[in-house]
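The values are calculated or read from the model by the stated rules, or taken from the named source; none is laboratory data. The structure displayed is predicted, hence computed values, not measured ones. When we count neighbours, we look across all protein chains shown, and the Cβ atoms used for this are built from the backbone with ideal geometry, even at glycine.
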Amino acid sequence: MISARYDVVVVGARPAGAMTAMVLARAGLRVLMVDRCRYGDDTISTHALLRAAVLQLKRWGLLDRVVAAGTPPVLASVFHYGEEQVEVPIKPQAGVDALYAPRRTVLDPILVDAAREAGVETRFGITVTGLHRDDDGRVTGVIGRDASGAPFTAGARITVGADGMGSRVAHLAGAPVERAGTNAASFIYGYWSGLPVDRYELFYRPGVAAGLFPTNDGQACVFAAVPRRDLRSESRGGGVARAYTRLLSRAAPDAFRSATPAPGRLKVFSSRPGFFRRSYGHGWALVGDAGYFKDPITSHGLSDALRDGELLARAIIEAASGNATEEVALASYQRTRDCLSARLLATTDAIASFSWDLDRIPTLLLELSDSMGEEVRLLRDLDPVCLPPAALSG
Ligand SMILES: Cc1cc2nc3c(=O)[nH]c(=O)nc-3n(C[C@H](O)[C@H](O)[C@H](O)COP(=O)(O)OP(=O)(O)OC[C@H]3O[C@@H](n4cnc5c(N)ncnc54)[C@H](O)[C@@H]3O)c2cc1C
C-alpha cells in the first residue's frame with residue numbers, strides 16, 4: 001500500500017507529458033512528473049511543428065518563448081513532386097500566421113519550465129520499472145529507481161504514461177494495440193547551414209523522400225527517408241554518411257548543392273508501423289507516442305502530443321470535478337483522440353509505404369492537410385479549462 005500523495009503522476013517529461021502535467025497543475029491538481037533522462041537532453045526527432053502545435057503553444061502562452069529562443073518563423077511549405085514545385089503559403093488562421101521548428105533542446109525545456117511554473121513537481125533521472133496496484137487491481141502509482149539506483153515510489157490517483165512509443169507504462173498496464181498500420185520508414189538526418197530559413201521544403205521521388213526544416217542557430221534540419229527495409233542496402237559500401245548524401249541527391253538533386261553540412265553526427269532512426277493502443281484503464285492513462293504512434297514521415301507526432309496532452313488533462317479534470325466518472329471521461333478522451341487521428345494514421349501509413357507515385361502523393365498530402373484542419377478547429381474552439389476542480393484525493 002502506498003499513499004496517494006499526488007493526484008496524478010506523469011511518466012515522461014517531453015511534449016505529451018509536460019503538456020498534460022502543465023494543464024493539470026494550472027487547474028490546481030497536485031502533479032508529479034518524472035523522466036529517466038536529464039533536463040534539456042536531446043532526443044531523436046526532427047522539429048517541424050504544424051499548425052495545431054503552434055496553436056497549442058500560443059493558447060498556453062508559450063509561443064513567445066519559442067520565438068525568443070531565435071526559432072525562425074516559417075511562412076510557407078514548398079512541396080517538390082519530382083520536377084514539379086508547389087508552394088503553399090501559411091495562411092493566417094486560428095491565430096497562427098507562421099510555423100516553427102525548434103530544436104528539441106529548445107522546445108522540451110520550455111514545456112518542462114512551464115509545467116514547473118504551474119506547480120508540477122518534476123524529477124529527472126527517475127526510471128519507472130513497475131506500477132503499484134491496490135487489492136482491486138487499480139493502478140495507484142509507480143515504482144522505480146533514481147539515478148543512483150536508490151528505490152523510488154510515488155502514489156497517485158492516476159498514473160499517466162507519456163513515456164514514448166516503447167511505453168513501459170503501457171506494457172505494465174497491459175494496454176493492447178487496438179489498431180495498427182503495416183508500413184514504416186527509415187530516416188537519416190543532420191544539420192546544414194546556408195539553406196532557406198523561411199520555409200519547410202519537402203521532396204518526393206519514387207522510393208525516397210527528403211525534407212528541410214529551418215531551426216535554431218541559423219541551421220536547417222535535413223532528413224532523407226526510405227522504406228524501412230531499404231536502409232541496410234542503402235548503407236552498404238560507405239555507411240550512413242554516403243547513404244545520406246546519395247539519398248538527398250536522389251530526392252532533391254539540386255537543393256543542397258550550395259549548402260554546407262554542419263559538423264556533428266548524423267542521426268538514424270528506423271521506425272515501426274503506427275498504432276493506437278487502448279489508452280486508459282483503472283487508475284491509468286496513456287498520452288503521446290505511448291498511446292498513439294505514427295511514422296515520422298508526416299512530421300505530426302509533436303502536434304499530436306501537444307493536442308492530446310490537453311485532451312487527456314481535460315478528461316482528468318472533468319473526472320476530478322465530479323462532472324463525469326473517471327471511466328466516462330477517459331473513454332471520451334480516447335474516442336476524441338481516435339476520431340481526430342484515424343485518418344492521420346491511415347494516410348501516414350500510406351505515405352510510409354512508399355508505394356505511391358508522383359500522381360498519388362499530392363492527393364495523400366491533401367488528405368493529411370484535411371485531417372489537420374479538423375484538429376485545428378477543435379483546438380481553436382475549446383473553452384478555457386474549468387477551474388478549480390475538487391482535488392481527486394483527500
Ligand atoms: C526521426 C524522427 C523524426 C521526427 N520528426 C518529427 C517532426 O518533424 N515533427 C513532429 O511533430 N514529430 C516528429 N517526430 C515525432 C516526435 O518526436 C514524437 O511524436 C514526440 O517526441 C512524442 O512525444 P512524447 O512526449 O509522446 O514522447 P517522447 O518524446 O518519446 O518522450 C518520452 C519520454 O519518456 C521517458 N521515458 C521512457 N520510458 C521511461 C521510464 N520507464 N521511466 C521514466 N521515463 C521514461 C523518455 O526518457 C522520454 O524523455 C519525429 C520522430 C522521429 C523518431
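In the range 270-279, is there at least one residue being over 30 Å from ASP7 (Cα atoms) and of a type in the set (A, V, I, L, M, F, W, C)?
no
So is ARG133 more than 15 Å from the ligand (Cβ to nearest atom) and of a type in the set (D, E, K, R) or not?
In short, yes.
So, VAL222, is that one within 15 Å of the ligand (Cβ to nearest atom) and more than 21 Å from THR46 (Cβ to Cβ) or not?
Against the criterion (within 15 Å of the ligand (Cβ to nearest atom) and more than 21 Å from THR46 (Cβ to Cβ)), VAL222 does not qualify.
Report yes if some residue within the range 138-154 is among the acidic types (Asp, Glu), at negative phi and free of Cβ contacts under 8 Å to residues at least 40 places away in the same chain; otherwise report no.
Checked against the condition, which is being among the acidic types (Asp, Glu), at negative phi and free of Cβ contacts under 8 Å to residues at least 40 places away in the same chain, the range 138-154 yields at least one hit.
Could you list, in sequence order, the residues of the range 307-340 that are closer than 28 Å to PHE354 by Cβ and surrounded by 24 or more Cβ atoms within 10 Å (Cβ to Cβ)?
If the condition is that a residue be closer than 28 Å to PHE354 by Cβ and surrounded by 24 or more Cβ atoms within 10 Å (Cβ to Cβ), then ARG307, ASP308 are the ones that fit.
Restricting attention to the range 99-122, and to residues there that are surrounded by fewer than 17 Cβ atoms within 10 Å (Cβ to Cβ) and either modelled with pLDDT under 95 or within 16 Å of the ligand (Cβ to nearest atom) (or both), which single residue is farthest from ALA18 (Cα to Cα)?
Of everything passing the filter in the range 99-122, THR105 is farthest from ALA18 (Cα to Cα).
May I ask you to list pairs of residues, at least six apart or on different chains, whose Cβ atoms are under 9 Å apart, with the first in the range 196-213 being away from the ligand (no atom under 12 Å from the Cβ) and the second being part of a strand (DSSP E or B) and polar (S, T, N, Q)?
That search, which allows pairs on different chains as well, returns ARG199/SER77; GLU201/SER77.
State which residue pairs qualify: first residue on the phi < 0 side of the Ramachandran plot and inside the range 226-248, second residue assigned to a loop (DSSP other than H, G, I, E, B) in any location, beta carbons under 6 Å apart, and separation of 6 or more residues or different chains.
PRO227/PHE354; ARG228/ALA184; VAL240/LEU266; TYR244/LEU266; LEU248/PHE256
So is LEU302 more than 21 Å from PRO273 (Cβ to Cβ), at pLDDT 95 or above and not charged (D, E, K, R) or not?
Criteria not met by LEU302.
Among ALA48, ALA52, ALA21, which is the only one that is among the hydrophobic types (A, V, I, L, M, F, W, C), surrounded by 23 or more Cβ atoms within 10 Å (Cβ to Cβ), closer than 22 Å to VAL268 by Cβ and at pLDDT 95 or above?
ALA48
Six or more apart or on different chains, Cβ under 6 Å: which pairs go from a residue in the range 165-178 that's closer than 9 Å to ALA290 by Cβ to one that's more than 9 Å from the ligand (Cβ to nearest atom) and assigned to a loop (DSSP other than H, G, I, E, B)? Could you list them?
The qualifying pairs are ALA175/ARG278.
Are any of the residues in the range 81-97 within 11 Å of the ligand (Cβ to nearest atom) and either acidic (Asp, Glu) or part of a strand (DSSP E or B) (or both)?
No, every residue in the range 81-97 fails to be within 11 Å of the ligand (Cβ to nearest atom) and either acidic (Asp, Glu) or part of a strand (DSSP E or B) (or both).
Given the options GLY40, GLY28, GLY70, name the one that is more than 15 Å from the ligand (Cβ to nearest atom), more than 22 Å from PRO384 (Cα to Cα), touching a residue at least 12 places away in the same chain (Cβ under 8 Å) and in a loop (DSSP other than H, G, I, E, B).
GLY70
Going by the conditions given, is ALA156 crowded, with 18+ Cβ neighbours inside 10 Å, over 14 Å from LEU32 (Cβ atoms) and either over 23 Å from the mean Cα position of the chain (by Cα) or within 13 Å of the ligand (Cβ to nearest atom) (or both)?
no
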